[in-house]
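Encoded as structure tokens, the structure appears first; notes follow it.
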Amino acid sequence: MSTDAIVLLKEDHKEIRRLFKAFQAAEEGPAGERRKLVGQILEALTVHTYLENEVMYPEVRRLLPDLEDDILESYEEHHVADVLCAELAAMDAEDEHFTAKTTVLIENVLHHVEEEEQEWFPKVRDALGRKELQEIGERMIALREKAPRSPSDAKAIKKAMDAVTA
């Protein structure tokens, strides 16, 4: 298994895309199936954004200050996804807005993923050495087990971290 941070994030993107396709195939199916798939999507996105927000983005921001604007935009895109995830976590799958809200989440995340893979990752790979990307990846792998698995877990962890740094 690679420890390259970009390879790890692209693997997450691939899994998230797979879950999105599964949801889209189940849109007209039973609400229970949609709820199950959205639960899996929320977990995958929560872990992924946590690793980016806590490891990848701060490290790249520190090492490559010229990419700060890209990173700030990514944080804001994550924030939008976090809000949608929290709303979906609290919704019943039979709610008339459930599928529409999930579709908006999917569209926003796919836009973000496309920007990262086509624009941001190449800049980072060109500027950072293999060793640095592997070190960042190793930190992400170590943190993955402790990463929150749901939007409510992520909110609790953020609140605790904010209290420690205040």
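The values are calculated or read from the model by the stated rules, or taken from the named source; none is laboratory data. For clarity, every value in this text was computed on a predicted model and none was experimentally measured. A quick note on method: Cβ atoms are made from the backbone with ideal geometry, for glycine too, and the neighbour counts reach across all protein chains shown.
Between a first residue in segment 86-112 that is within 21 Å of residue 149 (Cα to Cα) and in a helix (DSSP H, G or I) and a second residue that is modelled with pLDDT of 95 or more and of a type in the set (Phe, Trp, Tyr), which pairs have beta carbons less than 8 Å apart while being 6 or more apart in sequence or on different chains?
88/98; 102/23; 106/20; 106/23; 109/20; 110/20
Starting from residues that are touching a Phe, Trp or Tyr at 6+ places or on another chain (Cβ under 9 Å) and of a type in the set (A, V, I, L, M), keep the ones in segment 1-45 and report whichever is farthest from residue 60 (Cα to Cα).
The extreme case among them is 31.
Please list, ordered by first then second residue, the pairs with beta carbon atoms under 9 Å, 6 or more apart or interchain, first in segment 22-48 and in a helix (DSSP H, G or I), second among the basic types (Lys, Arg).
23/34; 42/149; 43/149; 46/149; 47/144; 47/149
Take residue 83 and decide whether it is out of contact with any strand residue (DSSP E or B) (no Cβ under 9 Å at 6 or more places or on another chain) and at pLDDT 95 or above. Reasoning before the result, please.
Working: out of contact with any strand residue (DSSP E or B) (no Cβ under 9 Å at 6 or more places or on another chain): yes; at pLDDT 95 or above: no.
So residue 83 fails the test.
Just to be sure, is residue 82 outside any helix (DSSP H, G or I), of a type outside the set (Gly, Ala, Ser) and surrounded by 13 or more Cβ atoms within 10 Å (Cβ to Cβ)? Please lay out each step first, then the result.
Details: outside any helix (DSSP H, G or I): no; of a type outside the set (Gly, Ala, Ser): yes; surrounded by 13 or more Cβ atoms within 10 Å (Cβ to Cβ): yes.
When the stated conditions are applied, residue 82 does not pass them.
Within segment 93-152, which residues are within 16 Å of residue 54 (Cβ to Cβ), at pLDDT below 95 and of a type in the set (Asp, Glu)?
145, the sole residue that qualifies.
Return only the number of the condition from (1) without any contact (Cβ under 8 Å) to a residue 60 or more places away in the chain; (2) part of a helix (DSSP H, G or I) that residue 146 does not satisfy.
(2)
Quick test of your reading of the structure: residue 75 fulfils all but one of (1) surrounded by 12 or more Cβ atoms within 10 Å (Cβ to Cβ); (2) under 19 Å from residue 17 (Cβ atoms). Name the failing condition by number.
(2)
With the condition kept exactly as written, say whether any residue in segment 22-34 is of a type in the set (Lys, Arg), within 19 Å of residue 96 (Cα to Cα) and surrounded by 15 or more Cβ atoms within 10 Å (Cβ to Cβ). Working first, answer last.
Kept after step one, since they are of a type in the set (Lys, Arg), are these residues of segment 22-34: 34.
Filter once more, so that each one left must be within 19 Å of residue 96 (Cα to Cα): 34.
Checking the rest, the ones that are also surrounded by 15 or more Cβ atoms within 10 Å (Cβ to Cβ) come to 34.
Scanning segment 22-34, I find at least one residue that is of a type in the set (Lys, Arg), within 19 Å of residue 96 (Cα to Cα) and surrounded by 15 or more Cβ atoms within 10 Å (Cβ to Cβ), so the answer is yes.
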